[in-house]
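Reviewing the structure listed below.
The values are calculated or read from the model by the stated rules, or taken from the named source; none is laboratory data. Remember, it's a predicted structure, so these values are computed and weren't measured experimentally. Here the Cβ positions follow ideal geometry from the backbone for every residue, glycine too, while neighbour counts run over all protein chains shown. Calculation scope for accessible area: heavy atoms of the full protein, side chains included, ligands and nucleic acids excluded. Shrake-Rupley method; radii C 1.70, N 1.55, O 1.52, S 1.80 Å.
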Amino acid sequence: MIDTHAHLDGEEFDEDRDEVVARARQAGISHVFIPAIDLPSVRTVLDTCARYPGFAFPMVGLHPEEVKADWRDVLSQMKPYLSPEKQEEKPIAIGEVGLDYYWSREFEQEQLETFEEQVKWSVETRLPLMIHCRKAQNEMVALLRHYEKELPGGVFHCFTGNAIEAEQLLQFDGFLLGIGGVLTFKKSPLPEMLPKTVPLDRIVLETDAPYMAPVPMRGKRNESAFVAYVLQRLADSYKVSPEEVERQTNENVARVFGLNVK
């Protein structure tokens, strides 16, 4: 299994990071992808990945909720990390990037410009995008349309939308939907909607740890080992074996991120 989105560098794991990784490995997790969210986190992400080589892999990007008036300066300092001198620090994706108008639209225009600049990075470097979008799908889709034929692909992280929204996102070739703990929530429509709308070859697994732990761990700190609960719920929903979900989602990761995950 692959956890395509976990904030393993976060302070929530400072006391027991090695144990969290050990539990993930024991649960069958082979890879964990770690996104940066701001400039300081680029370094913590890279250091965490260096601590667990071959297991943890870095992504570099500016999260929409971290976009402020100084976004241009932040991106100018962040971009050199896309072409590091040390091969082991090379990111596998541009992320976590996107748009988030859930709490505020104070920096709406800045978010749009920041996201577009990082979309251009993806086109330029051929690194896939790890996209965060909340209360902004129309704006996100409109922006991506301008680059549709040039984009290398990516993941729409933490998908919790309806069938119409899923179909709209799947129109972008090379993009996958990141499915996490929300799938397991009692009132989630995803278990019924996904099999009718989204082919299994367009899905990847994620936790977004330490956030949004799946049932039966809901309310606890999320961690990569818990992706097994998401996998099992997907298997139940699609009426296939857990092994088939693991095989297909691993294949999807390999296709989009260019990694050997066998």
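List the aspartates and glutamates whose Cα sits under 18 Å from the Cα of Lys90, skipping any in the same chain fewer than 8 residues away.
Once the sequence-local aspartates and glutamates are set aside, what remains near Lys90 is Asp9, Asp38, Asp47, Glu124.
Given a 1.4 Å probe and every protein chain left where it sits, what share in percent of the accessible area of the chain is carbon and sulfur?
Details: 5830 of 11930 Å².
Of all accessible area on the chain, carbon and sulfur atoms account for 49 percent.
Tell me the chymotrypsin sites (Phe, Trp or Tyr not before Pro) within segment 1-109 that lie in a loop according to DSSP and have at most 14 other beta-carbon atoms within 10 Å.
Numbers: sites: Phe13, Phe33, Phe55, Trp71, Tyr81, Tyr101, Tyr102, Trp103, Phe107; in loops: Phe55, Tyr101, Tyr102, Trp103, Phe107.
Counting only loop positions with at most 14 other Cβ atoms within 10 Å, the chymotrypsin sites (Phe, Trp or Tyr not before Pro) in segment 1-109 are Tyr102, Trp103.
Which pairs break 27 Å Cα to Cα here: Lys120/Lys186; Lys186/Lys220; Lys68/Lys187?
Values: Lys120/Lys186 39 Å; Lys186/Lys220 16 Å; Lys68/Lys187 35 Å.
Pairs exceeding the cut-off: Lys120/Lys186; Lys68/Lys187.
Could you tally the net charge around Asn162, taking each other residue with its Cβ under 15 Å from the Cβ of Asn162, Lys/Arg +1 and Asp/Glu -1?
On the way: positive: Arg134, Lys135, Lys187, Lys196; negative: Glu165, Glu167, Glu192.
Summing Lys and Arg as +1 and Asp and Glu as -1 gives +1.
Please sort by residue number the GluC sites (Glu not before Pro) in segment 10-102 whose DSSP state is loop and whose Cβ has at most 11 other Cβ atoms within 10 Å.
Glu15, Glu85
Hey, got the dipole for the chain? About the Cα centre, +1 on K and R Cβ, -1 on D and E Cβ, debye to the nearest 20? Intermediate values should be presented prior to the final figure.
Working: 29 positive and 43 negative charges, 165 e Å.
It comes to approximately 800 debye.
Using only DSSP helix segments of four residues or longer, with each worth -39500 (n - 2.57), what per-residue ellipticity at 222 nm results for the chain after dividing by its residue count and rounding to 500? Intermediate values should be presented prior to the final figure.
Numbers: 9 runs with 103 residues, N = 262.
One gets -12000 deg cm²/dmol as the mean residue ellipticity at 222 nm.
What percent do you get for the relative contact order of segment 31-76 when only Cα pairs under 8 Å and 6+ apart count?
Values: 54 pairs, mean separation 20.6, N = 46.
Relative contact order comes out at 45 percent.
Mind checking segment 25-90 for trypsin sites (Lys or Arg not before Pro) that DSSP puts in a loop (not H, G, I, E or B) and that have at most 15 other Cβ atoms within 10 Å?
Details: sites: Arg25, Arg43, Arg51, Lys68, Arg72, Lys86; in loops: Lys68, Lys86.
Sparse-neighbourhood loop trypsin sites (Lys or Arg not before Pro): Lys68, Lys86.
Using unit Cβ charges (K, R positive; D, E negative) and no other charged atoms, how large, in debye to the nearest 20, is the dipole of segment 89-219 about its Cα centre?
Working: 13 positive and 20 negative charges, 121 e Å.
Using Cβ point charges on Lys, Arg, Asp and Glu, segment 89-219 gives about 580 debye.
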